[in-house]
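For reference, the structure discussed in these notes is given below.
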């Protein structure tokens, strides 16, 4: 019996599983080249016709036009604006990408250098031992065990930079991955290929050597053997301090026997050929002991290196990207948390972090019609430490919809309200004009708002630096890494966050000399920040510079300053009794005063005032970003998008589609007749299996009522009893064979999706594989 | 009644006597199962007589319960070990009253059938004297007048016993056997019986109560499904199924169209993501191949696009890579493993001197059965900046096939593409649930995997013949579509000769047995022509056979 299956379309076939479509120009060439292959030519003809169909199809919209960018605002966005977004994305991402990879390299550099030094120093010791009287009877292979952390995704970058660095030092480097080294011959072949490819290749030949490694382009017919390596080494006679470094990038992935055998072979040659082995370990040193035999471990001269630096790396990235804001785009609290959680709770993978960051930036420029505003802000490129922004003109005129969108932002409305409050009539006029006059909004109001934003960002970064300076005086256990500080900074109010409270307690515990030091470091932070635009902080009534100045004076001469400012002894301090512990609050906040007799009352008073100053500075700097106009645009909020794109839950999606179809198909027919308001009834309606539902959905819901074993016939009967009710809304009830066919289809789909599997334990039974909803 | 027992078919007689032998060997090897000799060997009168004599002796020993010596003597003649004697004593004491009665009735002859069989049962399961107790108990059950029914019951029980013997092992002491007995029989015996028989043992040190709990949990509750089978339904072939389903109207047509249009709006965004270096993976319920293919057709306007049907049951990934190399990259005649080919393609698209700027690879069901082991190679392809991967997954546990370094290489961006489309194409290769005489390519592979090398070669000869024939048919008939209607067949004699020439079979008998195996699995079908000659063929077309042959290597 030949199956009389008729293909659905041109890409469906009972015999072919691969179809190759080519752009029209190349395709015609292909036709000329291969007319002899009959069946393919036929297929290609079919494909061509399909392509023609495809063309017509895509005529309405070419998806690749403008690099995939489409006009937003229901298509009303002008083309220039769209082009600008596209341009801005490229302008922003390219330097950022470079910055990120540079950061990663820089952070890894230290460890890489250590390993390089080890490689250079290896075997010299052995040689001196040989010259001496007691040469070791066993040759030991110099081995570096590199702990590279659980973030296996980043390892290729790490080892790539290690490889490049070793190349620079004139060593021969072989980078082996377990997937190409399933057996000893494979491993030797891969290794010798790379050695040969690396011959005469300079510092940058790494990736090419690797690409050639697994590609089977090696010398055919030659037995790959270590003796070949020795011969080659003798002939090549490289510099005396060159080594052959064999890096096993993912040691855990290698077969234990393969590595074991390799070590035994290499031991025989390591007197003549200086082989250095590097094991990349993601887990722990135990792994080496577990996979290698004692005999082969004894042949290794092991030194350990720690290259797990992804946390430092991420802190550096967060500083340069979010805190010191290389760009205007920052992350709102939720999106930042999603980004950070992915890193901290999942894999410590920098690649994953960067990926999410990139996607967020893509989304920002692709889907946010106001992202064009970021063209107005540029950073003055005057060295790294300068954090000043300059606000320029927008290169395009905003369209009506964009202007309206700006006016609709809550933060902008609050900005106008505040204007009215503070400036009275002038403010009112200003607000009215901004709401009516589009040009005025774009030319004067927008720059002002953006200046607020830029100023806020500067003071925020200043605030975080200050917090770090204060943290440095605290014990190690109370310090928080920058990534966490930033999260607190954007998510918590200064007066509420628990870490901020610890911080104030720490300053309040300080004595005069410590305070002098702290003030000095705070001062240097402020002056290092360079030309600060403190508009935002000043608008809240805090003058950082003068407060710091006052604090300095106070601490230098507490008596004098207090008197100068009109505080007399005791009189002007109604709440300053002579005892050290004056109030219960003091007892709570400053219990150390019980033991502290070194400070005078005046000093304590001065310290108290200074603490107040510092707190108010921090409070102003770390005020929530929600107060800043246009924060809705520049603080990325779509954490849900990031989660669904990178932490997708395919199983939940399928179960929702089948079990709660209304999330996807918002139909009237399947929701039962209950009133929408009544939640109890809604729940019941959820449970009810309606004949109008999708067949597989019915089968799925029925199967949820079953235990582990499902009798197919009974399942069918239940299915049929539901489907038969279709006659209520269909012209005719389905026939028995139709129900049967539909049931077969539904159960096949269930099996295809992995909800059930067939079993031999009982005739016509299937086993249920999932539980819960 | 005894007549009933003896009127059994010879096979049954043989069976029971075999069992006696087995019992003997067991006696020789296993301690604690000794009294086994008292058996239902009464099928042969002489033996039955001898057994009865022994039973008499045993019961005498039972009566004289305080005379351990005599009981030991009786048992000693049966080569019993001391330990089981103890067990024997113990249980006999417990079930003494009834035990005596049982042995008494057995001496009376006529009813020996049932009683002795009861003992036989006890023989297998318990050691020592608990057989006496069991014998008596069985007697109460065997008061059912219909002998044949009792026999059936007995047969079932015998099978149970065999299993128990396997499970039990040597170290099971006689009294612990008694405890197990309660567990085994707890389901079909009256409570009183169990209580009487076992007393403290069920909850004593030997048979822990929790074992019973779990046994109950798994045996009684686990199989509450009914015994209905699909044979109650009329048979429905796959082709009929398809034709019926083609006419079934779609539910929620309007809503699903809206859903689809929403998905289609994202095409540009997906293109942007691809251009930014992400690879896309689509999940969600419903066949996604129509949407993805539509996207792929658009993508193919600019760059070469490869569409791979990962759900295809005999997908040969190596061949796919070779085709990519020859048709897209332009490398002819490539060899090597899948990993080699993948890194060759990767290397090409990383090099600066390439002619083809970039390539799209669309993989429907990257979690498909034939692709599961090639994920590493796919990850190598995906990690190239100039190769973009678009894949769909359907199995709910599919993400488990990737480890973290693979995930990094794949650089996926996930998208929900729930379509509610039926998986018509994806499941078209399954035969599940339908009555069908044909066997799919996957089935053939499955059968072949369990066969010897010789048998595989026997299959290969026919397959190669068919491929050659169909190519000739193609050339000869051209557009007539003859190949679709009639399979090329091979005459039986020619087939045999070909196999013999290759030293695959030495005689026609072996050839027949090979052929029978294939025929049983519906891999090979045969047909008698009008003149009586036999023709054989594999019910698959040439291309499918080709892929099967390749994946056999």
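Laboratory data are not the source of any read-out in this text; all were calculated from the coordinates shown. Bear in mind that the values here come from a model prediction, so they are computed numbers and not experimental data. Cβ: placed from backbone, ideal geometry, glycine included. Neighbour counts: every protein chain shown.
Quick notes on this one:
- Euclidean distance of C-alpha centroids, the range A:136-189 and the range B:349-365, integer Å: 28
- Mean partner shielding of peptide A:329-340, defined as the number of other chain Cβ atoms within 10 Å of each residue Cβ, is 0.
- Here the residues A:276, A:516, ranked from fewest to most Cβ neighbours within 10 Å of their Cβ, fall in the order A:516, A:276.
- Here, the range B:348-391 is characterised by an Rg to Rh ratio of 1.03, where Rg is the alpha-carbon radius of gyration and Rh the Kirkwood radius.
- Prolate/oblate/rounded call for the range B:259-389, Cα gyration tensor, a/c under 1.5 rounded: oblate
- Extension gain, residue B:404 to residue B:549, is 48.7 nm, computed as 0.36 nm per intervening residue step minus the present C-alpha separation.
- Judged by the mean number of other Cβ atoms found within 10 Å, the most tightly packed of the peptides B:408-417, A:114-123, B:445-454 leads the ranking B:408-417, A:114-123, B:445-454.
- The calculated FRET efficiency for the pair residue A:484 and residue A:257, based on their C-beta separation and a Förster distance of 45 Å, comes to about 0.50.
- Overall form of the range A:410-458 per C-alpha gyration tensor (a/c, 1.5; a/b vs b/c): oblate
- Average other protein chain Cβ within 10 Å of Cβ, residues B:257-269: 3
- Partner chain coverage, peptide B:238-249 - average Cβ within 10 angstrom: 5
- Between residue B:248 and residue A:637, the C-beta separation translates, for a Förster distance of 41 Å, into a calculated FRET efficiency of about 0.40.
- Stretch gain in nm, segment residue B:506-residue B:493, where the contour uses 0.36 nm per residue and the Cα spacing is subtracted: 3.3 nm
- Computed label-point distance, nm, for sites residue B:528 and residue A:391 using a 7 Å Cα→Cβ extension: 9.9
- Distance in nm between pseudo-label sites at residue A:102 and residue B:240 (7 Å out along the Cβ direction from Cα): 7.3
- At q = 0.15, 0.16, 0.32, 0.33 Å⁻¹ the log10 of I(q)/I(0) for the range A:236-276 amounts to -0.44, -0.49, -1.13, -1.16, computed by Debye summation with a single uniform scatterer per C-alpha, solvent ignored.
- Prolate/oblate/rounded call for the range A:693-736, Cα gyration tensor, a/c under 1.5 rounded: prolate
- Protection-proxy order for peptides A:711-724, A:423-436, B:337-350, each taking the mean of Cβ atoms within 10 Å per residue, highest first: B:337-350, A:711-724, A:423-436
- Cα-projected label distance for residue A:87 with residue A:725, points at 7 Å along beta-carbon direction, nm: 6.2
- Where Rh is the Kirkwood radius over Cα pairs, Rg/Rh for the range B:334-466: 1.05
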